[in-house]
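Take a look at the structure below.
Read the figures in this text as sums done on the coordinates, not as results from a lab. For clarity, every value in this text was computed on a predicted model and none was experimentally measured. Glycine gets a Cβ as well: all are built from the backbone with ideal geometry, and neighbour counts include every protein chain shown.
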Amino acid sequence: MSNQLLPDYQLRLGSRWEQTTLVKFLQLSYQELFPGQEDFSHLGETAKKYFSRETPLWWVESADSAVSEGSLSSPLSQPVACLWLGNAIDQVQGDRHAHIFLLYVMPEYRRQGIGSALMRHAEDWARARGDRQLGLQVFYNNQAALSLYHKLGYQTQSLWMVKPLRPQSLE
């Protein structure tokens, strides 16, 4: 798989040392979808628990900010997008398959094909591992993501439903 994602962007494999940046991107994603909620500190625990060698992370960076050949210093440029993949078990067939934990593109970089390119990268990664499907969870109010996934051929397989529970009163 090439490092060239799109003409003006490079794809770079992340490292375990970038967990803080991953948490920042998780928080940005959730803050957009749930603007009234301020505390997303639990996402740090999610990254701590699930981010490992088996759950690769890729960053998208502007190609013009890439470090030039032979440079002694290698300041990491600010990523404009990320893709975090992991594993899931198909609850119908029982097979392991690839799962997208996070796909996030900074707002000012959207609608340039970065999300679609990252989805193709995820599919290539999953195929290379021998996976027969790629899954993801998307919030029902994330219409932009839903449109992208439908355009790319993803179909709803199940619905995750929740019911808020009130504490029982002590009477």
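Only helices enter the 222 nm calculation for the chain: every DSSP H run of n ≥ 4 contributes -39,500 (n - 2.57), and dividing by all residues gives -9000 deg cm²/dmol, rounded to 500. As a test, work out the antiparallel percent of DSSP beta bridges whose residues both lie in the chain, rounded to the nearest 5. Approximately 85 percent, going by the DSSP bridge assignments.
Potential lengthening of the chain between Gln168 and Asn87 amounts to 25.5 nm, from the contour at 0.36 nm per residue minus the alpha-carbon distance. Largest mean-square fluctuation among Gln93, Gln155, Gln112, in a Gaussian network model of the chain whose springs join Cα atoms under 10 Å apart, belongs to Gln93. Indicate the gyration tensor shape class of the chain (rounded, prolate or oblate), computed on the Cα atoms with a ≥ b ≥ c the square roots of the eigenvalues: a/c under 1.5 is rounded; otherwise a/b larger than b/c is prolate and the rest oblate. Prolate, because a/c is 1.5 or more and a/b exceeds b/c. Measure out, as a whole number of angstrom, how far apart the alpha-carbon centroids of segment 107-171 and segment 19-53 sit. The two parts, judged by their Cα centres, are 16 Å apart. Among beta bridges identified by DSSP and lying wholly in segment 76-171, the antiparallel ones come to about 75 percent.
The relative contact order of the chain, computed from alpha carbon pairs under 8 Å that lie at least 6 residues apart in sequence, is 18 percent. Result for the chain in a Gaussian network model with C-alpha springs under 10 Å: among Trp125, Trp17, Trp58, the largest mean-square fluctuation is at Trp17. Spacing of the modelled spin labels on Asn3 and Asp39, each 7 Å from Cα toward Cβ, amounts to 4.2 nm. Under the combined filter of DSSP loop state and at most 13 neighbouring Cβ atoms within 10 Å, segment 1-56 retains these GluC sites (Glu not before Pro): Glu38, Glu54. Rounded to the nearest 0.05, the FRET efficiency derived from the C-beta distance between Leu28 and Gln157 at R0 = 25 Å is 0.40.
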